[in-house]
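*Asks:* Can you keep this structure in mind? I'll have questions shortly.
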Amino acid sequence: MSLDVVGLDLSLNHTGIAYPGGSTEVLEPTKLRGTARHAAVRSAVLERVRGADVIVLEAPFVARMDQVTQDILMLHGVVAVTLWANRIPVARLAPSTLKLYATGHGHASKIGMRDALHERTLLRITDDNEVDAWWLRAAGRARYGTPVVSLPDEQTAALDAGVWPSIDTIAATVL
């Protein structure tokens with residue numbers, strides 16, 4: 001079964017989205033703040049991902065608990081609950097897992113992620129949020145049996161560390 005997989009790199013300012021066909025987009029930043037910003041991003045994301053079979057979401061990285069971190073965690077929660085309420089399954093990958101999958105190095109730089117994308121596909125996507133979203137979609141496609149790039153087994157094995165909805169769960173939401 002070929003699934004419509006969407007990669008989603010949530011951000012308070014520049015959310016990256018990779019669509020089932022492979023195109024990417026960055027949401028325009030909003031001048032709103034607080035819960036109004038969360039609501040605006042949530043609505044824009046939902047509008048763009050309706051009909052997807054599964055969303056692959058980069059889990060937030062928490063280095064310290066400041067206001068920005070709290071805001072991004074709240075955004076992730078708001079979007080995850082909205083997707084759940086709309087029966088869209090969500091897979092989650094830690095940033096280090098995504099980097100390991102894409103580059104073979106769990107601490108790869110943003111430039112390293114872009115370079116790996118170009119080396120594997122010849123695509124030149126310059127926005128880091130779109131690059132991450134593209135790799136998230138690729139990870140989902142690989143996990144569910146329809147890879148879009150060929151990667152070494154050790155890189156593909158990194159996907160085992162993700163949180164993936166079962167095919168049965170996805171099928172139940174598609175029907």
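Read-outs throughout are calculated quantities, based only on the coordinates presented, and are distinct from any laboratory measurement. None of these values were measured; they are calculated from a predicted model. Glycine gets a Cβ as well: all are built from the backbone with ideal geometry, and neighbour counts include every protein chain shown.
*Asks:* Dividing the convex hull volume of the Cα atoms of region 5-174 by its residue count, what figure in Å³ per residue is obtained?
*Replies:* So the per-residue Cα hull volume is 108 Å³.
*Asks:* Another question, then. Test of understanding: given the chain, find the longest segment containing no trypsin sites (Lys or Arg not before Pro) that are in a DSSP loop and have at most 14 other Cβ atoms within 10 Å.
*Replies:* 125-175
*Asks:* Which of the helices in the chain, when you take each full DSSP H run, stretch at least 15 Å along the axis at their Cα atoms and have an average Kyte-Doolittle score of -0.5 or higher?
*Replies:* 34-49, 67-85
*Asks:* At 10 °C and a viscosity of 1.306 mPa s, what translational diffusion coefficient does Stokes-Einstein give for region 75-175, taking Rh as the Kirkwood radius over Cα pairs? Give it in µm²/s as a whole number.
*Replies:* 111 µm²/s
*Asks:* Cα convex hull of region 1-105: mean projected area in nm², to one decimal?
*Replies:* About 7.2 nm², averaged over all directions.
*Asks:* Which ordering of HIS14, HIS107, HIS38 is given by a fewest-first count of other beta-carbon atoms within 10 Å?
*Replies:* Least crowded to most crowded, the residues run HIS107, HIS14, HIS38.
*Asks:* What is the distance, in nm, between label points placed 7 Å from the Cα along the Cα-to-Cβ direction at ASP66 and at LYS31?
*Replies:* 2.5 nm
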